[in-house]
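Below you'll find the structure, written out as structure tokens, and then a few comments.
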Ligand SMILES: Cc1cc2nc3c(=O)[nH]c(=O)nc-3n(C[C@H](O)[C@H](O)[C@H](O)COP(=O)(O)OP(=O)(O)OC[C@H]3O[C@@H](n4cnc5c(N)ncnc54)[C@H](O)[C@@H]3O)c2cc1C
């Protein structure tokens with residue numbers, strides 16, 4: 001019996017796939033990095049027991065396992081390693097809503113939008129809303145601690161994970177936390193696995209906190225003559241109130257989205273803010289304050305709408321930025337974040353880097369969180385352009401660190417940003433991180449090369 005046959009023997013028929021065409025579809029995440037390896041096989045688990053079998057087998061044979069949700073990640077975190085098993089959770093799709101505890105117990109393979117829809121059937125809401133809401137898995141969201149557009153007011157994925165079942169490297173399944181709003185028994189191990197990018201265990205079930213449905217939001221759109229003015233408006237607005245959304249698009253992003261959607265965005269604007277208020281009974285006051293702050297900061301045009309369809313159209317424009325820019329060339333995607341007062345320095349610094357490295361950078365931001373996505377667009381057939389793009393990629397992360405920020409606000413370190421992690425964390429925190437990894441995964445089989453070398 002070959003090694004892979006011994007794995008197939010302990011799993012349901014059809015779970016192990018090794019056809020080259022199938023393997024090709026599971027090799028990379030959405031960053032489409034050329035460095036992804038070729039796995040031995042793809043396993044599509046259907047339950048926790050399947051995941052346990054894979055990890056027991058992988059531990060015994062010292063084979064690497066790359067956990068994979070929907071592959072929408074943007075940091076190479078789910079990229080295959082040569083000879084590994086790619087362990088897909090896409091067939092693990094159960095969900096149970098418990099109205100009494102306002103929780104959802106979900107398997108990792110559901111998409112974020114499916115969780116939202118199931119909650120909405122009970123008048124409840126699961127807030128975290130990455131722009132990939134339609135395509136990313138809830139397991140991947142937990143493994144990356146995904147953020148999104150409404151996180152500025154409602155928090156990130158980790159704020160909604162009350163508990164989980166996770167399978168450790170040796171195949172042991174443990175339950176952490178549960179449907180309790182307060183629970184300080186023992187160490188915060190649930191939080192340790194949130195954002196662990198598949199290097200500590202495989203999440204096979206999540207208990208998620210749900211909240212009452214959101215009130216309808218009013219939307220403010222503000223256009224600016226410079227990214228600096230727009231960023232100053234963000235600082236001013238967040239100093240006054242907590243909007244339900246505060247997104248930023250620069251000139252290049254506005255134009256890329258306008259090319260893609262043709263919805264009438266103002267192509268001449270140097271920057272645009274999209275701000276929402278859903279404060280029950282106070283949205284009008286918040287909207288007035290937002291309009292006033294934008295005007296004080298030099299907005300060239302501002303308008304507000306309480307028409308949900310109009311607000312949704314602008315939100316869709318913001319969400320369309322990645323697909324729009326993807327059409328323009330190869331991309332290097334940044335996810336740097338800074339403390340809010342440093343946002344003007346970050347966005348103007350990115351413009352300077354684009355000019356100095358002579359590269360096109362399209363920038364959007366979850367601006368209310370200080371989390372920016374400068375996306376470097378380049379022609380991969382041009383060696384010099386590729387080199388300049390990589391230089392800009394490094395310089396943007398260095399700038400974020402110098403401003404007291406982070407190399408990744410929500411996408412994770414994955415494989416594409418790990419070289420910059422020591423510069424942010426320092427040697428002592430890197431050593432602590434490595435010792436946690438070694439304790440939980442002594443043979444280093446879980447997603448090797450992600451986060452840590
Ligand atoms: C158009 C677009 C817009 C996006 N917008 C946002 C955004 O606004 N905010 C944001 O945060 N992200 C965004 N992303 C990035 C991405 O969607 C998120 O990182 C998402 O959480 C990844 O989920 P996934 O299921 O695709 O995970 P994958 O890409 O499959 O995996 C991501 C990481 O999680 C690990 N992993 C996956 N499942 C498990 C599991 N069950 N157990 C343990 N580890 C696991 C993988 O090993 C990998 O390290 C966007 C991506 C795209 C393509």
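The numbers here are math on the coordinates, done by the rules we state, and not lab data. Predicted model, so just to flag it, every value in this text is computed and none were measured. All Cβ positions, even for glycine, are placed from backbone atoms using ideal geometry, and neighbour counts span all protein chains on display.
Multiplying the residue separation of residue 121 and residue 259 by 0.36 nm and removing their Cα-Cα distance gives an extension gain of 46.1 nm.
Quick check on the chain: helices-only [θ] at 222 nm, where DSSP H runs of length 4 and up contribute -39,500 (n - 2.57) each and the sum goes over total residues. Nearest 500, please.
On the way: 16 runs with 162 residues, N = 453.
Estimated from H runs of four or more residues: -10500 deg cm²/dmol.
Sorted from greatest to least, the principal axis extents spanned by the alpha carbons of the chain come out as 71, 59, 43 Å.
Determine, for each peptide in 342-353, 423-434, 305-316, the mean count of other beta carbons within 10 angstrom over its residues, then list the peptides with the highest first.
On the way: 342-353: 20.6, 423-434: 12.7, 305-316: 14.8.
Per-residue mean Cβ counts within 10 Å order the peptides as 342-353, 305-316, 423-434.
When Rg and the Kirkwood radius Rh are both evaluated on Cα atoms of the stretch 95-212, their ratio Rg/Rh stands at 0.94.
On average, how much area does the Cα convex hull of the stretch 378-432 cover when viewed from any direction, in nm²?
For the Cα atoms of the stretch 378-432, the hull's average projected area reads 4.5 nm².
Any idea what the alpha-carbon Rg over 2.2 N^0.38 Å comes to for the stretch 215-323?
On the way: Rg = 12.9 Å, N = 109, 2.2 N^0.38 = 13.1 Å.
The stretch 215-323 yields a ratio of 0.99.
A P(r) calculated from all alpha carbon pairs of the stretch 3-88, with 5 Å bins opening at zero, reads 3, 16, 28, 26, 16, 8, 2 percent. For the chain, the longest principal axis of the C-alpha atoms and the axis of helix 383-402 are separated by about 80°.
Building the convex hull from the alpha-carbon atoms of the stretch 253-385 and averaging its projection over directions returns 9.0 nm².
Measuring from a point 7 Å past the Cα of residue 47 along Cα-to-C-beta, which residues in the stretch 1-33 have an amide N at less than 13 Å? Counting only backbone N, you get 11-13.
The stretch 139-184 and the stretch 248-295 have Cα centres lying 31 Å from one another.
Against the main long axis of the alpha-carbon atoms of the chain, helix 48-61 sits at an angle near 70°.
Length available on full extension from residue 213 to residue 309: 0.36 nm per residue minus the Cα-Cα distance, which gives 32.8 nm.
For helix 308-319, report the angle its Cα long axis makes with the longest principal axis of the Cα atoms of the chain; keep it between 0 and 90° and round to the nearest 10°. For 308-319 against the chain, the angle is about 60 degrees.
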